[in-house]
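Let me begin by presenting the structure, written as structure tokens, before commenting on it.
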Amino acid sequence: MPTIITCFKWVIDEAYIRRGSSGDLDFSAVDYKISDYDRNAIEEAVKLKAVHGGTVASLTVGVPEATKGIKDSLSRGPDKAFFAADASFNNLEPSQTASLLAAVIRSFITPYDLILCGEGSSDLYTQQVGPRLAEILQIPSISFVQKVELKDGKVVAERRVEEGVEVVEAPLPALVTVLPDINVPRIPGVKDTLMASKKPVVTIKKEDLPPFPAPCLETVEMKAAKMDRSCEKFGTDAAEIARFVDVLRKKALI
Amino acid sequence: MSGIWIIAEKKEHALELLTIGRVLAAQMETKLSAFLWKDQNVPEDYIACGADEIMLAAPGSEGQSLDAFIPVIAAEAENNHPDAILFAATARCRDLAARVASRMNTGLCSSCTSVAYDAADRTIKMERLAYGGAAVQKVICKTRPVMVTIPPGTFEQAKAEAGRTGIQRELSTPAPSVLKVIEKKTKVRETKDITESRVIVAVGRGFDKKEDLDLARKLACALGGEIGCTRPISEENHWLPEELCIGLSGVQVKPDFYLGLGVSGQVQHATGIRQAKVVAAVNKDENAPIFSVADFGIVGNLYDVVPKLLEALKRV
Ligand SMILES: Cc1cc2nc3c(=O)[nH]c(=O)nc-3n(C[C@H](O)[C@H](O)[C@H](O)COP(=O)(O)OP(=O)(O)OC[C@H]3O[C@@H](n4cnc5c(N)ncnc54)[C@H](O)[C@@H]3O)c2cc1C
């Protein structure tokens, strides 16, 4: 029966980021969430378990506050969680995240059969951590997957490419990154949240892991993207619709 | 030794990378090399369009996956020390780039919208979108080679110049990958390329059912445009093909007029319409984020507003 690891990132909910007056990013009102597509990865892991049995472990590397995310992940169905936590695990670059995840998996969750990740994180969306992690672990990886099955020691996945869909097969253990349309992630209920608090969590300290590499990329600037629009509002009665159409006509759009 | 390398599966993408590759190579006073799969493309074409050197890779055999080439590319890079490797940001190449970067312990800047050499501090500065498009992130790579993926369409295709010469060399044939492509389901493209459309009516989850999209089609027709959509419409509902999805994971559009119907305007979508000249929207929620990125917004039910708009347009 398979052991499935599902990796997730605890991210800033980008919907709460504001543009500061000087074009900087205002994070003062932000909330955090499990990155959107990582929720699909967790859901898929739990669905595969429903078919094949086995265990599902959720895994994240992050700052100690991400413990909220660990609880959230467990309320979505995994049996246990692994949490590599340290205040310095903040603003990690993809090469560092992959390296830390690989270290945790090697030391604490081996052997395993399948690793699932989201296609990309909703904050930086570099789409690298999955394939980088597979490269470090020296296992095959299949990205941008819309359907996944386990069959006779293999993973068979439909990956989406520009020309259409490729059905790809790889021996286990393997890593798969999933697209949002692979499933509809559940919304945990009160019971799920209560059950989650009883599930085992293995917390791993920085000292328990080999030193992680220095970042390769350095962010030299991060500024709010500009969207200057006139933001004029219209109603729906005949006069307002006529005024709207008139504006379009004046702009030579119709 | 040094150089700029480009890697793309398709010729049209390779030519786009040659354009920026040429600029970087000239500024950095180095040569431009293109990695090419032997079966698909003609090396001379790449040389005519700017490559100084062609690295010819053995054609992938039937069912082979690109990842078979990870060791070949990494070994070549280790021997030749390129300054930068530019990949086309297509599904397979994004994957390949991440694995090669990992193998070489170097940084990879994904989906760059701009790549520029800064002679002052001799770094390559790259820009990309972050936080769903709410921010522009500028990065440098402190390790070598600097690796980059560049979305198709970011640069113009390089044009052939008469009299250009270059060298060609063959790379070793890789061992087959354990990853096997067992079936390819090619889709036929049924829609127009909306990146060139002058008017776009975008549909979002405000539509109750697929049949209702006719309303949007009628409006697009009346305005002389095409329809586009949000990601949930193409990816989750499968009501429209993916190439019509506008935004971070879809296409960037630059019409004169964009009209969103039942589109909430979350940043991942809004970032795809940044270059539209005029943005308008119909949404029943007056607090929908689309209104803060729109020039003109109608607060109302699209099922009520669109027929009225169609009527009013008839009278124009
Ligand atoms: C990493 C990442 C990448 C993404 N990439 C993209 C991308 O490229 N493109 C993209 O579009 N999204 C993308 N998304 C998803 C994005 O965050 C939003 O979820 C999506 O754009 C919302 O689509 P929507 O507006 O159709 O649906 P909703 O957000 O559900 O909005 C529907 C809107 O319709 C309005 N409405 C409902 N009924 C009516 C009615 N009768 N009349 C008028 N208005 C009505 C509602 O008020 C609401 O505002 C991405 C997300 C992530 C995390």
Can B:GLY297 be described as surrounded by fewer than 19 Cβ atoms within 10 Å (Cβ to Cβ), of a type outside the set (Phe, Trp, Tyr), in the same structural domain as B:PHE207 (by TED's automatic domain parsing) and more than 9 Å from the ligand (Cβ to nearest atom)? no
Which of (1) outside any loop (DSSP other than H, G, I, E, B); (2) over 23 Å from the mean Cα position of the chain (by Cα); (3) charged (D, E, K, R); (4) within 10 Å of chain A (Cβ to nearest Cβ) is the odd one out, the single condition B:ARG144 does not satisfy? (1)
Report the residue count in segment B:157-206 for those that are within 21 Å of the chain's Cα centre (by Cα), farther than 19 Å from B:LYS10 by Cα, open to solvent by 90 Å² or more (accessible area, probe 1.4 Å) and within 14 Å of another protein chain (Cβ to nearest Cβ). 2
Taking segment B:274-293 and keeping only residues that are within 12 Å of the ligand (Cβ to nearest atom), in a loop (DSSP other than H, G, I, E, B) and not basic (Lys, Arg), one is left with B:ASP285, B:GLU286, B:ASN287, B:ALA288
Within the bounds of segment B:256-273, is there any residue that is within 12 Å of the ligand (Cβ to nearest atom) and of a type in the set (Phe, Trp, Tyr)? no
Looking at segment A:119-133, which of its residues are at the interface with chain B (Cβ under 7 Å from one of its Cβ atoms) and either in contact with a strand residue (DSSP E or B) (Cβ under 7 Å, 6 or more places away or on another chain) or among the acidic types (Asp, Glu) (or both)? A:SER122, A:ASP123, A:LEU124, A:GLN128, A:PRO131
Among the residues of segment B:236-254, is there at least one that is within 7 Å of the ligand (Cβ to nearest atom), more than 16 Å from B:LYS209 (Cα to Cα), free of Cβ contacts under 8 Å to residues at least 60 places away in the same chain and buried (at least 24 other Cβ atoms within 10 Å of the Cβ)? yes
What are the pairs with Cβ atoms under 8 angstrom where one residue, in segment B:207-221, is over 18 Å from B:SER264 (Cβ atoms) and within 14 Å of chain A (Cβ to nearest Cβ) and the other, located anywhere, is open to solvent by 40 Å² or more (accessible area, probe 1.4 Å) and more than 14 Å from the ligand (Cβ to nearest atom)? Sequence gap at least six, or different chains. B:ALA220/B:GLU226
Residue check, B:SER65 modelled with pLDDT under 95 and closer than 18 Å to B:ALA116 by Cα: no
Checking the conditions here, which among A:ARG39, A:ARG76 is among the basic types (Lys, Arg), within 16 Å of the ligand (Cβ to nearest atom) and in contact (Cβ under 8 Å) with a residue 40 or more places away in the chain? A:ARG39
Restricting attention to segment A:190-239, report how many residues are of a type outside the set (Asp, Glu), part of a helix (DSSP H, G or I) and either in contact with a Leu (Cβ under 7 Å, 6 or more places away or on another chain) or touching a residue at least 12 places away in the same chain (Cβ under 8 Å) (or both). 4
Yes or no: B:PRO176 closer than 30 Å to A:LEU172 by Cβ, outside the structural domain of B:ALA280 (by TED's automatic domain parsing) and not in a strand (DSSP E or B)? yes
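The values are calculated or read from the model by the stated rules, or taken from the named source; none is laboratory data. These numbers were taken from a predicted model, which means no experiment stands behind them. Because the Cβ atoms are built from the backbone with ideal geometry, glycine has one as well, and the counts that use them run over all protein chains shown. What goes into the accessible areas is simple: the full protein's heavy atoms, side chains included, and nothing from ligands, DNA or RNA. Shrake-Rupley method; radii C 1.70, N 1.55, O 1.52, S 1.80 Å.
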